[in-house]
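**Q** Dumping the structure here so I can ask a few things about it.
Bear in mind these aren't lab numbers, they're just calculated from the coordinates by the rules spelled out. None of these values were measured; they are calculated from a predicted model. Heads up, the Cβs are rebuilt from the backbone with ideal geometry, glycines too, and the neighbour counts pull from every protein chain shown.
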Amino acid sequence: MNKHLLVALALSASAIAYSAQQPRVSETQFSTEPAGAGLSATVTRFQHSTEQLWIGYEVPSLPRHHSSSCSDSNGSSDDGCCGEYRLEDSEHGVNTSSQSTEPGKMYVLLRLDHSAVIRVRAVNAGCRLNAGGVPFTWLTGVQPEDSVHYLAQLATQGTEKQPADSALAALAMHASPAATSELASIASSSNSPKLREKAAFWLGAERGHDGFLALQKLIKSEQDPKLREKLAFDLSINKDPAATDELIALAKSDTNVGVRSQAIFWLAQKAGKKASAAITNAIENDPDQQVKKKAVFALSQLPKEEGVPQLIHVAETNQNPAVRKDAFFWLAQSGDPRALAFLESVLKR
């Protein structure tokens with residue numbers, strides 16, 4: 001095989017691989033550009049124009065734990081796919097069928113209008129896109145860490161028109177460890193309370209063990225009691241087993257009544273023997289009456305096979321009249337046959 005043929009085959013293979021990385025986009029004028037100057041500089045250059053534009057690029061992503069948003073529910077397409085993600089629509093249907101997407105990769109899509117980034121979309125790689133008549137530029141060579149830093153900057157410097165929430169959501173889905181660091185920095189800095197709460201939420205929801213460690217550190221250093229209360233929820237949605245132990249520690253010994261109450265409430269949503277023990281411990285030992293009341297309510301939120309017997313036990317044995325009264329109330333609300341039988345027996349005494 002001669003040298004020229006080898007070069008031609010190599011170029012052909014390269015072109016095939018290159019085209020496979022590009023999304024399928026309909027209703028648009030499609031172009032590609034390298035992001036050689038870096039993502040931020042490249043987007044800034046496009047912002048100098050007042051034209052409307054979609055910009056997209058691909059980065060490694062975390063595994064998705066939910067359905068792929070590849071469809072607006074408008075039916076099948078001619079390639080056997082389930083539909084298109086319509087970028088210009090404000091609402092998007094969720095595809096639960098078998099559209100071919102690429103695990104571990106996602107498209108980050110930025111909508112420019114009058115020199116501002118007004119929308120951010122994070123879409124599974126492989127989804128078919130419909131740009132709704134707006135030009136679309138695909139960037140090649142975007143580094144994952146560059147994307148993380150740009151989205152963090154977009155979120156923290158956002159205005160009313162700029163999409164801080166969706167920028168944080170896209171940031172949280174990056175596979176890069178830098179995403180956890182950026183979210184932790186946003187959550188612990190002097191940003192607005194709303195932005196800090198959102199960053200902490202994504203640490204709990206998507207960042208696994210490293211997200212748990214960041215939340216644990218934040219709980220210890222945070223001074224705002226309202227944010228600390230919300231951190232209990234963020235711990236409750238984290239997948240790390242140690243997050244439950246941290247919630248139990250908050251429920252038992254945090255100095256803030258509101259934090260203890262929230263920790264108890266979210267423990268009830270997780271259920272399990274550890275959670276039940278922490279809730280009953282609060283009923284018996286917490287010095288604050290409101291925490292005790294929250295703990296009795298938390299028992300009512302446990303699965304009935306766990307919660308009803310414990311409520312009956314509290315109603316029968318607790319020395320605090322207000323606690324017993326609450327236990328009776330939630331037993332009556334449960335509609336469980338065991339609860340009704342117990343209430344009937346009490347009335348007959």
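**Q** Calculated FRET efficiency, Gln269 and Ser190, Cβ-Cβ r, R0 35 Å, to nearest 0.05?
**A** Working: r = 31 Å, r/R0 = 0.90.
Once the sixth-power term is evaluated, E becomes 0.65.
**Q** Show which lysines lie in cross-link reach of Lys274 when reach means a straight Cα distance below 29 angstrom and same-chain residues fewer than eight apart are skipped.
**A** Straight-line reach from Lys274, under 29 Å: Lys198, Lys217, Lys220, Lys226, Lys230, Lys239, Lys252, Lys292, Lys293, Lys294, Lys304, Lys325.
**Q** For Lys348, list the aspartates and glutamates whose Cα falls under 17 Å from its own Cα; do not include residues on the same chain fewer than 8 positions away.
**A** Glu316
**Q** Quick one: order Ser276, Ser253, Ser261 by neighbouring beta-carbon count within 10 Å, fewest to most. Each step should come with its number before you reach the end.
**A** Values: Ser276 20, Ser253 10, Ser261 26.
Neighbour counts put them in this order, fewest first: Ser253, Ser276, Ser261.
**Q** Can I ask one more? Cα gyration tensor of the stretch 108-249, axes a ≥ b ≥ c as square roots of the eigenvalues: rounded (a/c below 1.5), prolate (a/b > b/c) or oblate?
**A** Judged from the Cα gyration tensor, the stretch 108-249 comes out prolate (a/c at least 1.5, a/b above b/c).
**Q** When Asp210, Asp288, Asp234 are ordered from fewest to most other Cβ atoms inside 10 Å of their Cβ, what list results? Show your work: numbers first, answer last.
**A** Details: Asp210 16, Asp288 13, Asp234 26.
Neighbour counts put them in this order, fewest first: Asp288, Asp210, Asp234.
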